[in-house]
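Remarks on the structure that follows.
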Amino acid sequence: MSEQSVKAEQPAATVPAAEGDSDMLVRRQTAVYVYEAPLRLWHWITVACITVLCITGYFIGSPLPTMPGEASDNFLMGYIRFAHFAAGYIVTIAFIGRIYWAFVGNSHARELFILPITKKSWYKELWHEMRWYMFLEKTPKKYIGHNPMGQSAMFVFFVLGLTFMIFTGFALYGEGLGYDSWASQMFGWIIPLMGQSQDVHTWHHLGMWYIILFIMSHIYVAVREDIMSRQSLISTMVGGWRMFKDDRPD
Amino acid sequence: MSHIETFYEVMRRQGITRRSFMKYCSLTAAALGLSPAFVPQIANAMENKPRTPVLWLHGLECTCCSESFIRSAHPLVKDVVLSMLSLDYDDTLMAAAGHQAEEALEDTIEKYKGEYILAVEGNPPLNEDGMFCIIGGKPFVDQLKHAAKHAKAVIAWGSCASWGCVQAARPNPTQATPIHKVITDKPIIKVPGCPPIAEVMTGVITYMLTFGKLPELDRQGRPKMFYGQRIHDKCYRRPHFDAGQFVEEWDDEFARKGYCLYKVGCKGPTTYNACSTVRWNEGTSFPIQAGHGCIGCSEDGFWDKGSFYNRLTDIHQFGIEKNADEIGTAVAGGVGAAIAAHAAVSAIKRLSGNNENSEDTSA
Ligand code: HEM
Ligand code: HEM
Ligand code: SF4
Ligand code: SF4
């Protein structure tokens, strides 16, 4: 695999032809390094944490059947809550690290946070991608980074969703730590903003389902695109290299 | 203006002995969580400071705060505090009535401009120019604004004055409004609860009278010393919560064993109050000790947060009441079905050769 710069949007070696199969730009591009190691590490840490958070969060809301024996012999809720808070801390620190990486990493590291909403062509491509999902387009476009639809979903569901969960989560966490704790000082203002503690619980709980919707669609799309699109996906998030399956133009 | 009596002079005039007075000072120190070293300081303040008058107004309310207040655990505290309060204006407790009472109010406002504390029980309804609550022939909201104008500080007794409570529950036809939304230029101390605990009420007022300053307040204006923690943080059933031992049904074995009431909707984890430490009726018990979950009576809008037996609020926007998990599973189910359908169509398209992408895979 050669590491060619595929940035060449108007490559010199383009040979436009008249009709049929030859109606393509001939270009050799096989693999690009898109996701650097820290970003991939972050992705899989986040996957692990969010899985733990959803499972433990669900059982905080609807606890398991009552434990037999003495209270002093059991600490089930304690462990579940501990796992939730520990994963909460890790996912938050990792997310802060991810934001840092958006500044120092390559251009693909910024895609998660910055939607090119001022670019006209982006909307056109978004529409194209939506048509591809509605089976109205025969071929999707090639993307080195995220396609516009994936990028939007990641921003709206993941970035906003996780930020919401972190803010409400630490507001709730501050209630347990106490009024003078750092968490209460930093995030406690959220509680009166949303009404009272019970409202924050309700919203935090709903937020879980919002994130679950993202995960469901995200995994489906990752697998589907891996099979049906013109580039690799899952192996890209593992090894960092984007492989293209054909030499036809974007 | 004549000589203003000190607290001590008032108490003596009310027939309280020096011995009882000293006892009161040590009880006060204990109630406020201060060390015995503070007792002489409190006594000294009471002996020398001019008495701070308290005006106690009643708006739209059920008088449960007053009822609670006069049942303060220690009769001495109650007597002393009452003797200091009822002198001025409290239409429930004072001897005067009618015009005489309204005159007493005016007198106090005139005489102690900027010095007195205004305690408000209940709240003003603002709809129809406040006509839903008339005191002495005038809307309560006018009396409230008038009395607050020269007050040093305002105490909002109970959930009514603090948040609105039942009369402000949706759809709130009279537009009952909590005090802090009507009086915006005075320090307001919220003492929520339906009613607040007697010892919390006497504790707050004693603190203000003896130290001549406001107790430390939290973000929402509640005294930290009584509202700094949730019921859940100091609940004696908490070990069962951490162990994962819950009452599953009201009449099960676990209810008899006194397990945690979380699963039957206890709102202790979201309610700031002192019930699990101070308790009720002279420290006898509190709802959770009696086997019922907390209903969150001291929290903002607790009437509008759904059933007393659900920890989370139901969501009405979907026509039928649904909780977060029901909505979540329904939507996730819908998305899951859509994904399955989409996957099926994708597979068919692919098999029927509609998709040529993968044929010429080169990577
Ligand atoms: C994707 C991220 C997260 C998900 C899906 C999630 C999910 C949940 C759920 C479902 C609950 C139960 C709510 C209820 O029914 O009362 C919960 C409670 C809670 N979560 Fe999270 N959470 C997430 C992130 C966080 C973070 C970052 C923190 C911060 C440390 C956090 C702290 C808490 C706390 C303190 C509680 C309340 C625990 C209790 O009442 O005992 N959560 N979470
Ligand atoms: C809790 C579960 C998951 C969450 C929250 C999550 C989140 C994310 C986010 C935020 C990105 C964008 C990365 C960036 O631009 O920095 C991403 C990309 C990606 N994720 Fe996940 N992910 C999850 C699970 C998975 C799983 C299980 C797979 C594998 C099947 C997967 C495969 C991918 C792939 C292939 C990409 C790259 C997409 C592309 O190349 O355009 N994810 N994920
Ligand atoms: S009974 Fe209520 S306040 Fe007590 S531990 Fe259980 S949930 Fe918390
Ligand atoms: S236990 Fe809860 S509902 Fe009961 S009085 Fe205390 S705060 Fe109010």
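Numbers below:
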| quantity | calculated |
| --- | --- |
| Subset of region A:93-106 (residues that are surrounded by fewer than 12 Cβ atoms within 10 Å (Cβ to Cβ) and more than 16 Å from the chain's Cα centre (by Cα)) | A:PHE103, A:VAL104 |
| Considering residues of region B:11-33 that are crowded, with 18+ Cβ neighbours inside 10 Å and assigned to a helix (DSSP H, G or I) only, the residue modelled with the lowest pLDDT | B:ALA31 |
| Test result for A:MET130, assigned to a helix (DSSP H, G or I), more than 13 Å from ligand 1 (Cβ to nearest atom), surrounded by fewer than 17 Cβ atoms within 10 Å (Cβ to Cβ) and at pLDDT below 95 | yes |
| Flag if A:GLN231 is away from ligand 1 (no atom under 12 Å from the Cβ) and over 28 Å from A:ILE117 (Cβ atoms) | no |
| Positions within region B:242-290 being more than 16 Å from the chain's Cα centre (by Cα) and in a helix (DSSP H, G or I), in sequence order | B:ASP242, B:ALA243, B:GLU253, B:PHE254, B:ALA255, B:ARG256, B:LYS257, B:TYR262, B:LYS263, B:VAL264 |
| Total residues in region B:238-280, condition without any contact (Cβ under 8 Å) to a residue 12 or more places away in the chain, open to solvent by 10 Å² or more (accessible area, probe 1.4 Å) and within 7 Å of another protein chain (Cβ to nearest Cβ) | 3 |
| Matching residues in region A:37-62 - criterion: being farther than 19 Å from A:ILE219 by Cβ, touching a residue at least 12 places away in the same chain (Cβ under 8 Å) and among the hydroxyl-bearing types (Ser, Thr, Tyr) | A:THR56 |
| Yes/no for B:ILE197 being away from chain A (no Cβ under 12 Å), closer than 30 Å to B:ALA151 by Cβ, open to solvent by less than 40 Å² (accessible area, probe 1.4 Å) and not polar (S, T, N, Q) | yes |
| Residues of region B:287-304 classified as within 16 Å of ligand 1 (Cβ to nearest atom), facing chain A (nearest Cβ under 9 Å) and either open to solvent by 40 Å² or more (accessible area, probe 1.4 Å) or touching a residue at least 60 places away in the same chain (Cβ under 8 Å) (or both), total | 1 |
| Failed item, numbered, when B:ALA243 is tested on (1) within 16 Å of ligand 1 (Cβ to nearest atom); (2) under 25 Å from A:GLN196 (Cβ atoms); (3) touching a Leu at 6+ places or on another chain (Cβ under 8 Å) | (2) |
| Residue match in region A:164-174 (condition: in contact with a Leu (Cβ under 6 Å, 6 or more places away or on another chain) and within 23 Å of A:TYR58 (Cα to Cα)) | no |
| Qualifying residue in region B:336-351 (condition: hydroxyl-bearing (Ser, Thr, Tyr) and modelled with pLDDT of 85 or more) | yes |
| Helices (runs of 4 or more DSSP H) within region A:164-245 that include 1 or more residues surrounded by fewer than 21 Cβ atoms within 10 Å (Cβ to Cβ), within 16 Å of ligand 2 (Cβ to nearest atom) and under 15 Å from the mean Cα position of the chain (by Cα) | A:197-228, A:234-239 |
| Evaluation of B:THR284 against (1) within 11 Å of another protein chain (Cβ to nearest Cβ); (2) more than 9 Å from ligand 3 (Cβ to nearest atom) (one fails), failing number | (1) |
| Flag for A:ILE60 being more than 8 Å from chain B (Cβ to nearest Cβ), among the aliphatic types (A, V, I, L, M) and within 20 Å of the chain's Cα centre (by Cα) | no |
| Single residue of A:TYR89, A:TYR79 found to be within 16 Å of ligand 1 (Cβ to nearest atom) and within 14 Å of chain B (Cβ to nearest Cβ) | A:TYR79 |
| Residue count, region A:201-242 (criterion: under 20 Å from A:TYR35 (Cα atoms) and hydrophobic (A, V, I, L, M, F, W, C)) | 11 |
| Filtered residues of region B:210-237 (kept if more than 7 Å from chain A (Cβ to nearest Cβ) and in a helix (DSSP H, G or I)) | B:THR210, B:PHE211, B:MET225, B:PHE226, B:TYR227, B:ILE231, B:HIS232, B:ASP233, B:LYS234 |
| Conditions (1) more than 11 Å from chain B (Cβ to nearest Cβ); (2) more than 26 Å from A:TRP241 (Cβ to Cβ); number of the one not met by A:LYS138 | (1) |
| Inter-residue pairs, beta-carbon under 8 Å, first at the interface with chain A (Cβ under 8 Å from one of its Cβ atoms) and in region B:326-345, second modelled with pLDDT under 90, 6+ apart | B:ILE327/B:ILE315; B:ILE327/B:PHE318; B:HIS342/A:TYR133; B:VAL345/A:PHE135 |
| Residues located in region B:267-314, provided they are closer than 21 Å to B:TRP157 by Cβ, basic (Lys, Arg) and away from ligand 4 (no atom under 11 Å from the Cβ) | none |
| Matching residues in region A:193-221 - criterion: being of a type in the set (Gly, Ala, Ser) and more than 7 Å from every other protein chain (Cβ to nearest Cβ) | A:GLY207 |
| Residue that is nearest to ligand 2 (Cβ to nearest atom), among those in region A:82-121 that are in a loop (DSSP other than H, G, I, E, B) and closer than 13 Å to A:GLY145 by Cβ | A:LEU112 |
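Conditions (1) within 16 Å of ligand 4 (Cβ to nearest atom); (2) in contact with a helix residue (DSSP H, G or I) (Cβ under 8 Å, 6 or more places away or on another chain), marked per residue:
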site	(1), (2)
A:GLY161	no, yes
A:GLY169	no, yes
A:LEU172	no, yes
A:SER197	yes, yes
A:HIS205	no, yes
A:ILE212	no, yes
A:PRO249	no, no
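Residues are listed down the side, and each one gets a yes or a no for (1) aliphatic (A, V, I, L, M); (2) more than 15 Å from ligand 2 (Cβ to nearest atom):
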site: A:VAL34; (1), (2): yes, no
site: A:ARG40; (1), (2): no, no
site: A:ILE45; (1), (2): yes, no
site: A:TYR58; (1), (2): no, no
site: A:PRO63; (1), (2): no, yes
site: A:THR66; (1), (2): no, yes
site: A:ASN74; (1), (2): no, yes
site: A:GLY78; (1), (2): no, yes
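The values are calculated or read from the model by the stated rules, or taken from the named source; none is laboratory data. Keep in mind the model is a prediction, meaning the values are calculated, not measured. So basically every Cβ, Gly included, is an ideal-geometry build from the backbone, and we count neighbours across all protein chains shown. For accessibility, only protein heavy atoms count, side chains too; no ligands or nucleic acids. Shrake-Rupley method; radii C 1.70, N 1.55, O 1.52, S 1.80 Å.
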